[in-house]
Structures are given as structure tokens and as C-alpha cells.
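One structure below.
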Amino acid sequence: MPSPRIGILTAGGDCAGLNAVIRGIVTAANSRGMEVAGFAEGYEGLLNPQTARILSVDETRGIESEGGTIIGSTNKGRFQLRRGPDGAGSLPDSLVRATRTALDQQRAGALVVMGGDGSLRTALHLTRAGLRVIGVPKTIDNDLESTDMTFGFDTAVSRVADAVQNLRTTAESHRRVIVLEVMGRHTGWLALHGAVAGGADATLIPEIPFDSDLLTRFVKESERRGQRSCIIVVAEGARAKAGRQIRKQTASGENRLGGIGGYVESIVARTGRETRCASLGHLQRGGPPTAFDRVLGQQFGVRAVELCADGMFGRMVSYRFGSVTDVALADAVNRRRSVSPDSQILRHAKALGLFLGE
Ligand code: F6P
């Protein structure tokens, strides 16, 4: 590597474990005599390279157990790829030039991007424009191809599981059905794992559009069997067989997934059962990472530094079959990993008696 300095940034929505990756990168880089410059607020920081700062081992000691990211992030900034008429994404040349300039100004020989699908697509574009980039897969959705696990997922699953257990006690007291809406975008990994971990009764995921009549029948039967409570975990991207995904307009005019929990509540209420709905929202992303995410995050950081040192750019760190490895960025992005009918977790969830909407 020509320069003993690595530039890093955290892009897109945050998740637990980002600081663990930062800690891993800084420690591994320093032990090889390399410095790390952290660009602030995601890709946006490349447009203000003077705000980047050198991260020291001392400053990052202990941050592996802290949520969030010490260098900030921006979800959907100016570096978001624009879809052309052919569906392919592109980045204006001016932003590629700005990235080159920012890395030169910081004397960084490589850029490590911690991000989900959108941010890593931008990383791939920068790689194809000739820049030395490495990706580290981050998202609570766990929807990236070529890695069995993204960091942040395990923590989010724990949050969902805790919420299911907490809702259970109040639902039991009042003989209620409680619908819990969780994140996950267009995949049901988070809902499914969270429902199994928390011992929910049902989970509705985007990959299996649910039958409303079967859902009400399931709720009535659970009551007939003598169950006092019923907890239904619904992924934000789920939809009824005859319906569409439900979206809501945010105050800033964005059109985001959200609201399916209320819809499911209204369907279940037709049974006459007292029904409530809770939405877990950003509680799934905030707070300290689980031990698993602390370990995985730091290991991902170490591997990213190894790739930089070996000059293996255009690669993404990955977790496969229990080991940390790396894959081509091009094989990981633009291909959503969904819950397929033969996914083991799906078969096991059914075997465990979870109702899946069909
Ligand atoms: O992709 C991660 C994620 O948390 C999704 O599960 C969710 O739909 C989205 O980001 C929420 O984004 P924001 O923080 O911008 O509301």
C-alpha cells in the first residue's frame, strides 16, 4: 500500500457494532504502522475532508461496547446512486473527483466503507472508477448477499426478542393480542429470528404475503386452546395477500415503510379480542451491541485492514460458515438476500409452531 494511512467512513443508517469495527480497524492498522483518518458524517465527509481526523488507539479503547458511530453517519446523502433509465445506478463524476481529492488531502491510500446495500453500491462505483475501496457489511436487516451475517443484526434480534418477552407479560395480564411491528425493510430475517428468540406466536414477513382470514382463524384458535395472550411480530415490509406494503410520509416528506402493525391490529380486532399494537422503531438500532456483534465487528475491522495491507481492493469483508473472509464487492451488492421457502430458519420456525400467515 503506497500510503500508511487508511480513510474510513460509516454510511447509511447506523446500527450497533459500528464502533466495534472502528476499534478493530484502528487497533489493527496501528499495530502495522498505519494511521486511520475518520471522515465525518458518512460519504458527506468526503466533501469536507478538513473535518476528517486521525483516530488513535487510546481514543477508541472501549468503544466496541458502545452503540452508534463516533464518526457520524448520513442516510441518503449526495452520494446515493441515481438510477438511470436502464435501472443502473451512477454517481456524478464530480463526486468521484471529490473522493479522490479528499483521499489525497488526507494522504489516505485506501478507503474503508462500513455500510449496507446502498452505501456499498456507491463503494463499488468508486472502485470501478479506479479508487481503492474496501466494504464492511453493516445492517440490522441482514439482507446482503455473500455474507451469512452483517454486524448489527444480532443486536437487533435481541432487542426484538426482549420486546416480545416484555409484551408477553402485559398481554397475559389483560388477555390481549399484541402486534409488534419491527424493521427489516424488504426482508423478514429480523422478524423471523426475533419471533423465534422471543417465543412469539406468529410472524408475518414480506416474503410470505399473509392470508387475513387464516390470521383471524389462528388468533381465535389460540384463544380456544386456552392461551391468554398472543404475540404477533410483523415485519415493516410485510403485506396481506391482496394488499400492498404500507408506507407513511415522514415530516420531511420521505415515503418510508411503516404502519403494517396498525393494519394487522385492525384485522385481528375483528375477532373480538382486545388488541394492541407497538412499534419498536429505532430501539432496534440504538444502544450497546451484543457480545456477538462486538466480536464480529472487531474481526471485520481486522480483516479490512489485512485487505488494505495486501492491496486487495474492491473486496467486501464477509462472514461465511463461521469464519471471517472476503468476497468481491460486485458479488455482494445489488442482490437482495431474502428468506427463501427452503431457508432453514423458516422450516424450523414452522416446526416450532409459529404461524407464518399461510
Ligand atoms: O436498513 C436499516 C433500517 O433500519 C431499516 O430496517 C429501516 O427500514 C430503515 O433503516 C430506517 O431508516 P431511518 O433511520 O432513515 O428511518
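The values are calculated or read from the model by the stated rules, or taken from the named source; none is laboratory data. The shown structure was predicted, so the numbers you read here are calculated from the model rather than taken from an experiment. In this analysis, Cβ positions are derived from the backbone assuming ideal geometry, glycine residues included, and neighbour counts consider all displayed protein chains.
Okay, here's what the table says:
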item: Selected residue [modelled with pLDDT of 95 or more and over 24 Å from residue 203 (Cβ atoms)] from 152, 89, 118, 135; result: 135
item: Unique residue being out of contact with any helix residue (DSSP H, G or I) (no Cβ under 8 Å at 6 or more places or on another chain), among the hydroxyl-bearing types (Ser, Thr, Tyr) and at pLDDT 95 or above when the list is 31, 65; result: 31
item: Residue match in segment 94-113 (condition: within 16 Å of the ligand (Cβ to nearest atom), surrounded by 23 or more Cβ atoms within 10 Å (Cβ to Cβ) and either over 30 Å from residue 215 (Cβ atoms) or at pLDDT below 95 (or both)); result: yes
item: Residue check, residue 224 among the charged types (D, E, K, R) and either in contact (Cβ under 8 Å) with a residue 60 or more places away in the chain or in contact with a Phe, Trp or Tyr (Cβ under 6 Å, 6 or more places away or on another chain) (or both); result: no
item: Extreme residue, surrounded by the most Cβ atoms within 10 Å (Cβ to Cβ), among residues of segment 287-344 that are modelled with pLDDT of 95 or more, of a type in the set (Asp, Glu) and assigned to a helix (DSSP H, G or I); result: 293
item: Test: residue in segment 127-143 that is over 29 Å from residue 271 (Cβ atoms) and assigned to a helix (DSSP H, G or I); result: yes
item: Among (1) hydrophobic (A, V, I, L, M, F, W, C); (2) crowded, with 21+ Cβ neighbours inside 10 Å; (3) closer than 30 Å to residue 303 by Cβ, the one test that residue 149 misses; result: (2)
item: Odd one out for residue 134 among (1) surrounded by fewer than 22 Cβ atoms within 10 Å (Cβ to Cβ); (2) away from the ligand (no atom under 16 Å from the Cβ); result: (1)
item: Strands (runs of 3 or more DSSP E) within segment 166-283 that include 1 or more residues within 16 Å of the ligand (Cβ to nearest atom) and more than 19 Å from residue 354 (Cα to Cα); result: 247-249, 255-257, 275-279
